[in-house]
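Bear in mind that the values in this text are calculations on the coordinates, not laboratory data. Only a predicted model underlies this, so the values are computations on that prediction, with no experimental measurement involved. Ideal geometry is used to build each Cβ from the backbone, glycine not excepted, and the neighbour counts take in all protein chains shown.
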Amino acid sequence: MKKISALSLLALLTSSELAGCQQTVDSTAEETALTLQSIPVSGKGLRPITHEGSRYFLITSEQRGLIILDDQHNPVASLAGHYSQSDMRVLNDDTMLIVALDNNSNETRLIRYQWQNKQFTSLLALPADESDIEAVCLQQSQDNLGMFTADTRGMITHYAFTQIGQPALHNLRIFYSGPGIKACSVADNTNTLYLADEHAGVWLYDTTPEAGDGRQLVALPDGMGAEGVSARPDGTALITSPDMSGYWLYHNGNLSSETLSPDVKPESIHVSLEGNQFIAGLYDDNSDRLYYFAAPAYAAQAAPTAVAPDLSLTADIETMPVARFGDAADDPAIWVNTQNSAASLIMGTDKKSGLNIYNLDGTLRQHLPVGRVNNVDLRYNWNWLGETVDIAAASNRSTNNIDVFAVNRDSLNVRKIGAIPTDLADVYGLCMARLGNDIDIFVNGTDGRFERYRLQADGDAVRGKRVEQFAIASQPEGCVADDNTATLYFGEEEKGVWLRDISKLASANTMIASVNEKVHADIEGMALFTVDDKQYLIVSSQGNNRYAVYETTAPYPLLGTFNIVADLKGRIDGVSETDGLDASHLPLGDRFPDGLLVVQDGHNIMPTDKQNFKLVDGKKLASAIRQLR
């Protein structure tokens, strides 16, 4: 049993335990399978509910509102109104949460029902914009409650419930599915949203807020569209269409059908599990009546076997988004201002247009339109034109060069001071190292080749002398150098993490960590972070939206993984599909006295926007590492 968190209306509803989607009970008197039973009340939706071992029905009516009937079809409670569609979740033994579409006001209403006093209470109303809402459904995800709506344009909006003073719905993301969505339902245990499309069938989406808009189609025979869908928590779903006198059962990836009656044209459907049978309620478009029937229960689908992260963190600040939608933001680098650490900067590549410079509050300070820069890194105290300057380098895919930048410590402006040509066909990842008085730049290409350039000043020109080349079998990208130990860590995206001794040339590459059940390809950004005088390697595990923490001494064990989840109260979304990252344990003013972790966010939501970077207080990262080690 799980408890609803404060972010899931705990203060509003109760402090008692969640009972899940619906209770499962043994039925003492089972109906004959597939025999239709009529309900003597008109409505557009009929939902069987089990409460304290007894069956009830929730009716959604455009004329009479919401009605609860007992198992003898006698009214128990009602809420006057004009509702076309509804969904519900059982929160505890006494409380049920209902969301319903109000035909009169075009609002989406959140309503609480309490069994003991048989009372409905309206909690909030979400106004519609210029497009009417066609479908609505609830979701219970871990300790949080969410909601999906589909409007007439085919725009799907994902909301989260929060309790901040008054109950509220907060927009997490918006994505486009296409017009024709007539119903929706969520399988809570598999995090799957089902959308009934009257033109195509049923679309399946991942309900994880950071998941993106990838989808799968459950196509119905003869190109029929769907108008009703009801999913069980395990992912099994019943699907209806007025073009078929029955229903489809979608189970374990397979679709089967069952005929009910040649005269029935089912539109909406809602299913509840009772012991060894399920009870389904439907609205028949042909007769304009409500029916329910019983059918043998199915074997529950296997639960997902994904390994959960060891810990979850939240971001504290997010940068302003990049200029264009799409895969644009990529790699950050933290410049520590040694004169005033609170005025430190974050460099972030925008691989559609150039290099962005951000303040520590996330505001955009400067944009350098130098081209499609991919990765960026920096080092301090390089002698150039008689001055000591801090240098940044970025791989530029527009030119296949390494662009070199200088940071003005007084004005905090960044300017490009040179470009180093490479022999790579397509530059990709980049990192830097200081070895004694030398600053070396490591750049790799998509074909697995690396080139190492030693930075040189030639009058007012910046040049690079290539000092070595090496290669791995497939595509690399992220890398980071430990200047103190002259060690280069770099990733092979599909395989794992490599190590190379860079104190000398022509060293061997050694793989120290492989992708596994906890760390998934692609292996992306890397950074070093010091906790209690010990250094750790942080790696982006892009395939499962995690970050892996490794020790930097042999045998380089994986200590564990963490993810970055949404802070609903702070209105900062979680992070997914991270490309680049950077970290520093050095103090960065009063805001980040314990340093900072900066990560690229592949899906910037709450609300949906262009990609950006998320900032996590170094104190949180240090605490997580102490828990993992």
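Observations on the structure shown:
- Amide H within-cut-off set for residue 608, under 5 Å, with H built and near neighbours excluded: 174
- Farthest toward positive dipole pole in the chain [+1 Lys/Arg, -1 Asp/Glu at C-beta], among 299, 50, 444: 444
- Prolate/oblate/rounded call for segment 518-572, Cα gyration tensor, a/c under 1.5 rounded: oblate
- Karplus-derived HN-Hα couplings along segment 522-531 (A = 6.51, B = -1.76, C = 1.60, θ = phi - 60°), whole Hz, x at Gly and Pro: 7, 7, 10, x, 9, 7, 10, 9, 9, 10
- Listed candidates (i) 30.0; (ii) 46.9; (iii) 32.0 - label of the one calculated as mean projected area of the Cα convex hull in nm²: (i)
- Residues whose placed amide H lies under 5 Å from that of residue 268, excluding near-sequence neighbours: 283
- Rounded to whole numbers, the Karplus 3J(HN,Hα) couplings from phi for segment 433-446 are 9, 10, 10, x, 8, 8, 10, 10, 10, 9, 10, 10, x, 5 Hz, using 6.51 cos²θ - 1.76 cosθ + 1.60 with θ = phi - 60°, and x at Gly and Pro.
- Residues with amide H under 5 Å from that of residue 541, placed H, sequence gap 5 or more: 546, 547, 548
- Residue (of 185, 615, 411) at the positive-pole extreme of the chain, dipole from beta-carbon charges: 411
- Residue-wise HN-Hα couplings along segment 624-629, as the Karplus relation 6.51 cos²θ - 1.76 cosθ + 1.60 with θ = phi - 60° gives them from phi, are 4, 5, 4, 6, 7, 7 Hz; Gly and Pro carry x.
- This ranking places 158, 603, 170 by how few other beta-carbon atoms lie within 10 Å of each, fewest first, which gives 170, 603, 158.
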